[in-house]
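*Asks:* First the structure, then my questions, so here it is.
The values are calculated or read from the model by the stated rules, or taken from the named source; none is laboratory data. Only a predicted model underlies this, so the values are computations on that prediction, with no experimental measurement involved. So basically every Cβ, Gly included, is an ideal-geometry build from the backbone, and we count neighbours across all protein chains shown.
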Amino acid sequence: MPFRSAPGLARAGLAVVCVVASAAAAGPPAQAFTGGNHESITRAALPWEPVTLSAMADDRDGAINANDHGGYFLVGPLHCDNADYLAPRYARDYPRSRDQATTELLACVRTSVARFRNAVQAADGLVDAQGKVRAEQSDLSSACVWNEKPDRAKCDVLEQLGRGWHQLQDFHTHANWSDRAAPGPVGLDNPPGLGRTGAAPFLDIRRYSTMNDADWTREARALVPVDLATGCYSDIDSTGVKDADCAGRVTHNRDLNKDTAASRRSRTGDNFDRAVSGATAETTRQWNDFAAELRRTYPDDRRGEQMICALVHDDPASSCP
């Protein structure tokens, strides 16, 4: 029986297509972790077999990097951009309020929540009603195509997870969650750093996926620290606005990104390593949470366990009896 995308998957795909269609024509990718950094982080985070891991992690063709291709990289919430803010003690009359910045951050989180829900639905196609792996739906002998169209169930799950995890990795390089400011005055050119080492509580994607959107949004908003910021980037924010130059704002390129070890913010202390460590731990957390949700959603005949087995193995038809 051919795989049919679940209604939620189709709706989310349509929503993303509409957003991308409104973006400008593709140009050079928005500044973010390079594809190679996304790949190394993803490989370090996931205990998967090599073919499946490459399908997710490859620096150019992996699902984790799909948001950096086409119009997707011009959509700020797909990279956790534009949640910039400075409190009055650092900058008077900053052009964005704390509430506006948090709204942009939660728009980023919302994209991951939608992808998580879609991935749980798509996983249903990996096994039959008795919990037997469907070989034709878990085969990776030909490459997956990340184009939002229904494919083999394993490709569909990997695409949804990759497109949902990309911005969570970007959060750690685009935000001041884990980093520190450079020595000297803190302000517009040197935003504060929060220096956090634990998981960000407002990235609890599994929990939020089971909640009403209004409820989790309200809960997450209360968890965002007052000095949290990501940089302004000239891409399309959650309101459909594309800022031309981010003048007078904390910017992605100049002030906050740690996309490479050579980035300005990376050169303070161990900021780059902290971003990489945070993104790696975040990806492991998200995979573990997804696996737990499969077990909860599909308990009959160990279907959830078989779905997990099918996702981590290259030949699940033989590896998942």
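*Asks:* For segment 159-200, name all the residues that are in a helix (DSSP H, G or I) and either farther than 29 Å from H69 by Cα or touching a Cys at 6+ places or on another chain (Cβ under 6 Å) (or both).
*Replies:* Across segment 159-200, the qualifying residues are Q167, D170, F171, H174.
*Asks:* Output the residues belonging to segment 65-79 that are in contact with a Leu (Cβ under 7 Å, 6 or more places away or on another chain) and at pLDDT 95 or above.
*Replies:* N67
*Asks:* Additional query: When residues of segment 56-105 are filtered for being assigned to a loop (DSSP other than H, G, I, E, B) and either closer than 20 Å to F202 by Cβ or not hydroxyl-bearing (S, T, Y) (or both), how many remain?
*Replies:* 23
*Asks:* Show the residue pairs meeting these rules: Cβ distance below 8 Å; 6+ apart or different chains; first residue within segment 125-146 and closer than 23 Å to D58 by Cα; second residue part of a loop (DSSP other than H, G, I, E, B) and of a type in the set (F, W, Y).
*Replies:* Q137/F3
*Asks:* How many of the residues in segment 31-70 are closer than 16 Å to A279 by Cα and among the hydroxyl-bearing types (S, T, Y)?
*Replies:* 3
*Asks:* Looking at the structure I just gave you, is Y85 over 16 Å from the mean Cα position of the chain (by Cα) and under 20 Å from D170 (Cα atoms)?
*Replies:* yes
*Asks:* For segment 146-192, what are the residues that are touching a Ser or Thr at 6+ places or on another chain (Cβ under 8 Å) and small (G, A, S)?
*Replies:* Matches in segment 146-192: A153, G164, A175, S178, A181, A182.
*Asks:* Taking the stated definitions as given, is A143 assigned to a loop (DSSP other than H, G, I, E, B) and farther than 26 Å from T210 by Cα?
*Replies:* Spelling it out, A143 is indeed assigned to a loop (DSSP other than H, G, I, E, B) and farther than 26 Å from T210 by Cα.
*Asks:* Cβ-Cβ under 7 Å, sequence separation 6+ or interchain: first residue in segment 192-210 and farther than 20 Å from K258 by Cβ, partner of a type in the set (V, I, T). Which pairs?
*Replies:* If the second residue must be of a type in the set (V, I, T), the pairs left are I205/V113; Y208/V113; S209/V113.
*Asks:* Which of the helices (runs of 4 or more DSSP H) found entirely inside segment 252-321 contain at least 3 residues meeting this: among the aromatic types (F, W, Y)?
*Replies:* 271-297
*Asks:* Name the single residue that is surrounded by the fewest Cβ atoms within 10 Å (Cβ to Cβ) among those in segment 233-245 being of a type outside the set (D, E, K, R) and in contact (Cβ under 8 Å) with a residue 24 or more places away in the chain.
*Replies:* G240
*Asks:* Only residues that are in contact (Cβ under 8 Å) with a residue 24 or more places away in the chain, in contact with a helix residue (DSSP H, G or I) (Cβ under 7 Å, 6 or more places away or on another chain) and surrounded by fewer than 19 Cβ atoms within 10 Å (Cβ to Cβ): list them for segment 250-291, please.
*Replies:* T260, T284, D289
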